[in-house]
1. Can you put S52, S139, S119 in order of Cβ neighbours within 10 angstrom, beginning with the fewest?
2. For T129 and S20 in one chain, what is 0.36 nm times their gap in residues minus the Cα-Cα distance, to one decimal in nm?
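Every read-out reported here was derived from the displayed coordinates using simple, explicitly stated rules and does not represent laboratory data. Model, not experiment: these values are computed from the prediction. All Cβ positions, even for glycine, are placed from backbone atoms using ideal geometry, and neighbour counts span all protein chains on display.
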Amino acid sequence: MAATLGASLVQSNSILYGMSASNMHKLQSVQNSLTHVVLPSLRHLSASEQLSYLHWLPVHYRIQFKIATLTYTTLVTSQPSYLCTPPTTPSITSSPLFNPATTPYTMSTDLGRCAFSHSSPATWNSIPTSIKKCSSLHSFKRH
């Protein structure tokens, strides 16, 4: 029960993209504290070792993972089409994405920098091509 509750509290998503470093640190502290609640017998392990034991990604990486997974799914299935502007090259998943949210107004606001239209290309373009070319969502998530 504690593991389920802990996992649901730390399942960050793309809405947290662009969060301040201070808030990210606070959320990571909460996640680290939850590992002690879920694994009281393993208190001697470091927080990162406990996260690994639980198969939980640190908050920052979890946010990137969720954005990348949603982007992969959108590119492969073309659904919903409004989320990503796919590249015009034959290999959709291995090509860089164009960021349509580069207008000065959009980029000058915190909300604009957190929008999926900005976070998706920024995250996707930072992933190695070998991972982008994965043939299935399961394989993509594993890598």
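1. Ordered from fewest to most neighbouring Cβ atoms within 10 Å, S52, S139, S119 come out as S139, S52, S119.
2. Gain on stretching T129 to S20: 36.4 nm.
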